[in-house]
1. Please work out how much length the chain gains when fully extended from I272 to K53, using 0.36 nm per residue of separation minus the C-alpha to C-alpha distance, in nm with one decimal.
2. Just to verify a number: FRET efficiency for Y250 and F75, C-beta to C-beta distance, R0 = 41 Å, to 0.05?
3. So what's the Cα pair-distance distribution over the stretch 70-121, bin width 5 Å, in %?
4. Pull out the extension gain between E184 and D360, defined as 0.36 nm times the separation in residues minus the alpha carbon to alpha carbon distance; nm, one decimal.
5. Over the stretch 1-54, what number does the Rg to Rh ratio reach, with both radii from the alpha-carbon atoms and Rh per Kirkwood?
6. Any chance you could list P(r) for the stretch 171-254, counting all Cα-Cα pairs in 10 angstrom bins from zero, rounded to whole %?
7. Shape of the stretch 37-88 from its Cα gyration tensor (a ≥ b ≥ c, root eigenvalues): rounded if a/c is under 1.5, otherwise prolate when a/b > b/c, or oblate?
8. Above 12 Å lies some portion of the pair distances; for the stretch 317-367, what is it as a whole percent of all C-alpha pairs?
Amino acid sequence: MINGYYKLIYFLPIALITGPFLPDLIIVICSILFLVDTFRLKLFDYYNNYFFKTFVSFIIILNLSTLFSENFSLFKYSIGYLRYGLFSIFVFYVLKNIENSKIILSYSIIFTYLLLLFDGYFQFVFNKNIFLFEIQKYHEYSFYVTSFFNDEKKLGSFLAKMLPLFIFSICLLKNKLKIRKLDEIVSITLILLFLLVILTTERVSIFFMIIFILLIFLKSNNFFKPKILFSIITVFLISILFYYQPEIFYKIKSVLFSSGLVNPGYTTEGKIIGEYDKGLFIYSKFHHLQILTSINLFFENPFFGIGPKNFKNVIDAGWHPHNYSFQILAEVGIIGFVIFISTFFFLLFKFLKRFFNFQDRSINNELNIYLLGGFLLNMLPIPSGDFFNNWVNILIFMPVGYYLFYNEK
């Protein structure tokens with residue numbers, strides 16, 4: 001490959017905790033040079049799979065959406081989105097063809113996780129991380145851990161969405177690490193990661209972690225054994241955390257207050273505590289209004305939507321609908337949404353087929369379940385970030401390369 005640019009991928013996990021610039025620079029460089037290599041080395045067979053064909057269909061609709069939006073500045077998003085599909089194929093190619101790439105990348109992912117684990121708890125205990133980034137606070141008694149992400153709430157999202165690759169890395173290096181009681185150590189590490197995500201108070205990430213921990217608990221042949229013991233340890237540690245940090249438990253529970261499913265009580269003036277609104281809402285009043293706005297925008301532009309990342313230019317209420325499904329519906333239209341939802345059900349079918357295949361206890365089947373679970377969680381119609389955000393898309397599309405490596409090689 002051209003001057004060994006593939007080595008940049010080894011720095012991607014650590015680059016992701018520095019901010020959006022460095023990881024996106026790596027993606028752009030690798031995607032462009034790999035596209036050149038595709039024609040130079042005739043690597044077209046790597047693109048002959050369901051993922052890339054679906055991705056190209058989505059890219060076409062994305063650009064048509066931009067064309068009909070009459071906002072040509074959006075082309076930088078719709079055309080640029082191609083880099084994520086190319087990057088997925090690039091990861092697939094590297095894992096399959098570059099000797100020791102899986103090993104080096106696994107070390108990089110594990111190192112990044114352990115660094116975040118150490119720094120996150122360091123910030124929790126000392127109120128500052130090792131770079132002196134202060135712990136973030138909602139108010140005097142309520143805080144959340146961010147580690148190297150400083151004032152951005154991304155720590156939980158990174159730990160939850162990259163967890164399948166962390167498990168992959170551990171499984172790949174098990175024979176090389178030669179550490180006694182490694183399975184038990186990894187099990188404890190997963191519990192500590194779960195607790196750290198709780199400390200971030202990122203409720204969607206906590207939900208992701210709960211699902212992943214359950215999947216590992218149910219399907220793993222190595223981790224969380226004996227299951228009863230690790231169940232007791234997990235419940236005990238979570239109970240201790242909530243007992244000594246009740247504000248964290250209150251923050252997580254506040255999703256019930258925001259949705260109106262539970263009333264937090266009233267002040268002496270007769271107002272709802274925490275200034276929550278009366279009524280039933282989808283997730284919260286803010287998310288509810290964003291969903292309704294997205295639906296209205298869809299009915300005004302049903303075929304191709306208002307254009308990718310154009311929500312902020314049409315509506316003053318926010319930069320995006322905070323929901324991938326409704327963002328695609330509003331910004332890309334019905335055809336893009338059909339591609340999105342069809343892919344979801346296709347992946348759901350493959351997930352259920354593997355999950356309920358009790359005959360196949362192989363590590364390959366197990367890791368596929370985790371990867372598919374991650375894709376499905378990202379596609380659920382729940383609160384989320386901007387679907388066209390570069391940092392978010394790297395977390396989504398990097399695991400795709402691993403999935404292709406396992407299933408297309």
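1. Working: separation 219, 0.36 × 219 = 78.84 nm, distance 5.11 nm.
In short, 73.7 nm is gained.
2. In this case the efficiency is close to 0.35.
3. 4, 16, 13, 13, 13, 13, 13, 8, 5, 2
4. 61.0 nm
5. On the way: Rg = 13.0 Å, Rh = 12.4 Å.
Over the Cα atoms of the stretch 1-54, Rg/Rh equals 1.04.
6. 16, 46, 28, 9, 1
7. Here the stretch 37-88 falls in the prolate category.
8. Every Cα pair in the stretch 317-367 considered, those over 12 Å come to 70 percent.
The values are calculated or read from the model by the stated rules, or taken from the named source; none is laboratory data. Here the structure is a predicted model, which is why all the values come from computation and not from measurement. Methodologically, a virtual Cβ is constructed for each residue, glycine included, from the backbone with ideal geometry; neighbour enumeration extends over all protein chains shown. Side chains included, ligands, DNA and RNA excluded: accessible areas come from the protein's heavy atoms. Shrake-Rupley method; radii C 1.70, N 1.55, O 1.52, S 1.80 Å.
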